[in-house]
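The values are calculated or read from the model by the stated rules, or taken from the named source; none is laboratory data. Everything quoted here is computed from the prediction, not taken from an experiment. As a convention, Cβ positions derive from the backbone with ideal geometry for all residues, glycine included, and neighbour counts pool all protein chains shown.
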Ligand code: AMX
């Protein structure tokens, strides 16, 4: 980003009271470019804040638990602390208080680009602060330097049969990379628990750095000639990922920057984030914790929905051909529902409006591929599905989620292998879940162990 742009962004942030004014006499965090140093500064203050908060308010009641919640997937039950993002049912996600459009506006961009760099989002998720260009460049450099994948993992991936789903390969490779875990090594050496966050940080940075290469090996093994180009030290994380996948179109790199930013985090209760947190609470190292989260992301009601949407759209096109009338499409949607299946990409456990992650992908499509037939199909579906779901009267949220749109953008740039799409989601999800895991260790959060009940015990409890 040019100096002019940097200064303009800084003024914007000052206007929003995000940054102190120049010359305010504060040596603010924006002067430090090493994320670990910034964290080391922040952690003692946050630890004190939480200690005092718990001392003062630890016994306050914040809600009540109903019997239905125990059978209903704990919806609405406040049971976790996650600092990185908060999901409002009507407004959608805010990363450390910033909406997606605000992140698009404020986070640093690649030279000549207009989408945010995921490196900047990671900085924001970890620290709560919008980073400077220099801070984001420092992250890109660190991730490039940490990107090497251990040979045994490359060999393992090369030996997998092509019939093994990309998400299974991804999760297995992440587990196998725990041979590199600094946390596991330090724990085995008996380090003091106050240092756990530092080893978790090292694992998080290494793991995030390696994921694009792991994901690219899987892609190139399954769908191309198995060769993966080396990391270019001058490129950003997404630019390198696009190159390693084999996509030279600069717009594909821009799409990756947006994609990897918006899929990163969705507060703490979703299956992948919650799983990483839960498994991490046993002090399983970050590789094992994140691999567990990826097994959850691979479920069709969660991240695999992006694959399912394309499978469903392809079936629709096979059955009805190119231009589809609204009446034909309505019938196809009703057939899906009457067959006892869900309409993939629609509905959400928390959201009650169109997902802003859907909306920003729609804006990207309107800007870059307005005439694409598949985009027009997705837009036509958007006009019809909510009313049908409302008429059916089951789904609490009839609106589209992130997965209803992502595949269409990928198809446009010639990534047609829909079974692979959830791996891209997984690479991005590392940013939020691992940022949270660093803070879990900094706060010394204990083993997670909620109380479960039998139906008999529950009946007794409510006097029945
Ligand atoms: N199509 C058909 N039925 C749906 C539906 C959809 N898109 N969304 C919800 N329903 C149904 C549920 O299956 C449920 O039916 P049941 O009473 O027979 O069990 C009923 O409506 C009530 O469900 P809900 O309370 O509205 O949703 P939920 O919180 O239980 O589930 C979700 C949320 C996302 C799993 C659900 O909306 C769904 O299955 N959507 C399709 C799959 C999908 O797009 N998943 C991706 C979500 C985003 C993500 O994690 N990546």
Notebook entry, point to check: Can you pull out the residues in the range 278-305 that are within 12 Å of the ligand (Cβ to nearest atom) and free of Cβ contacts under 8 Å to residues at least 60 places away in the same chain?
Noted result: 296, 299, 300, 301, 302
Margin query: Here is a check on your reading of the model: is residue 308 within 12 Å of the ligand (Cβ to nearest atom) and either part of a helix (DSSP H, G or I) or touching a helix residue (DSSP H, G or I) at 6+ places or on another chain (Cβ under 6 Å) (or both)?
Written below: yes
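Residues checked against (1) without any contact (Cβ under 8 Å) to a residue 60 or more places away in the chain; (2) in contact with a strand residue (DSSP E or B) (Cβ under 8 Å, 6 or more places away or on another chain); (3) more than 16 Å from residue 259 (Cβ to Cβ):
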position	(1), (2), (3)
315	yes, no, yes
325	yes, no, yes
338	yes, no, yes
348	yes, no, yes
373	yes, no, yes
388	yes, no, yes
412	yes, no, no
418	no, no, no
Next item on the list: Among the residues of the range 69-90, count how many are within 13 Å of the ligand (Cβ to nearest atom) and under 19 Å from the mean Cα position of the chain (by Cα).
Entry: 2
Next item on the list: Go through the range 365-399 and give me each residue that's within 13 Å of the ligand (Cβ to nearest atom), closer than 23 Å to residue 99 by Cβ and in contact with a helix residue (DSSP H, G or I) (Cβ under 7 Å, 6 or more places away or on another chain).
Entry: 398, 399
Checklist line | In the range 352-364, the residues that are more than 16 Å from the chain's Cα centre (by Cα) and either more than 13 Å from the ligand (Cβ to nearest atom) or closer than 14 Å to residue 404 by Cα (or both) | finding: 353, 354, 359, 362, 363, 364
Checklist line | Test: residue 150 is surrounded by 15 or more Cβ atoms within 10 Å (Cβ to Cβ) and more than 16 Å from the ligand (Cβ to nearest atom) | finding: no
Notebook entry, point to check: For the range 402-416, what are the residues that are part of a helix (DSSP H, G or I) and within 14 Å of the ligand (Cβ to nearest atom)?
Noted result: 403, 404, 405, 406, 407
Notebook entry, point to check: Somewhere in the range 189-206, is a residue in contact with a helix residue (DSSP H, G or I) (Cβ under 8 Å, 6 or more places away or on another chain), outside any helix (DSSP H, G or I) and surrounded by fewer than 20 Cβ atoms within 10 Å (Cβ to Cβ)?
Noted result: yes
Check: Mind checking whether some residue in the range 401-408 is over 19 Å from residue 311 (Cβ atoms) and touching a helix residue (DSSP H, G or I) at 6+ places or on another chain (Cβ under 9 Å)?
Finding: no
Notebook entry, point to check: Just wondering, is there one or more residues in the range 400-410 that are touching a residue at least 24 places away in the same chain (Cβ under 8 Å), crowded, with 18+ Cβ neighbours inside 10 Å and over 29 Å from residue 173 (Cβ atoms)?
Noted result: yes
Note to self: If I go through the range 421-464 residue by residue, how many of them are more than 16 Å from the chain's Cα centre (by Cα) and at negative phi?
What the structure shows: 24
Next item on the list: Return the only residue of 336, 275 being part of a helix (DSSP H, G or I) and within 8 Å of the ligand (Cβ to nearest atom).
Entry: 336
Next item on the list: Could you list all residues from the range 218-239 that are over 19 Å from the mean Cα position of the chain (by Cα) and under 16 Å from residue 430 (Cβ atoms)?
Entry: 218
Item checked: Contacts under 6 angstrom Cβ, first residue in the range 31-51 being under 19 Å from residue 120 (Cβ atoms), partner assigned to a helix (DSSP H, G or I) and modelled with pLDDT under 95, 6 or more apart -> 38/29
Notebook entry, point to check: Quick one: would you say residue 314 is in a loop (DSSP other than H, G, I, E, B), closer than 30 Å to residue 265 by Cα and more than 11 Å from the ligand (Cβ to nearest atom)?
Noted result: no
Next item on the list: Go through the range 224-246 residue by residue and tally those that are crowded, with 19+ Cβ neighbours inside 10 Å and part of a loop (DSSP other than H, G, I, E, B).
Entry: 3
Check: For the range 63-108, which residues satisfy the criterion of being free of Cβ contacts under 8 Å to residues at least 60 places away in the same chain and over 19 Å from residue 448 (Cα atoms)?
Finding: 63, 64, 66, 68, 71, 72, 88, 94, 96, 97, 98, 102
Check: When you go through (1) within 23 Å of residue 369 (Cβ to Cβ); (2) within 9 Å of the ligand (Cβ to nearest atom) one by one for residue 421, which number turns out not to apply?
Finding: (2)
Notebook entry, point to check: Within the range 247-272, which residues are assigned to a loop (DSSP other than H, G, I, E, B) and either touching a residue at least 12 places away in the same chain (Cβ under 8 Å) or within 16 Å of the ligand (Cβ to nearest atom) (or both)?
Noted result: 247, 249, 263, 264, 265, 266, 267, 268, 269, 270
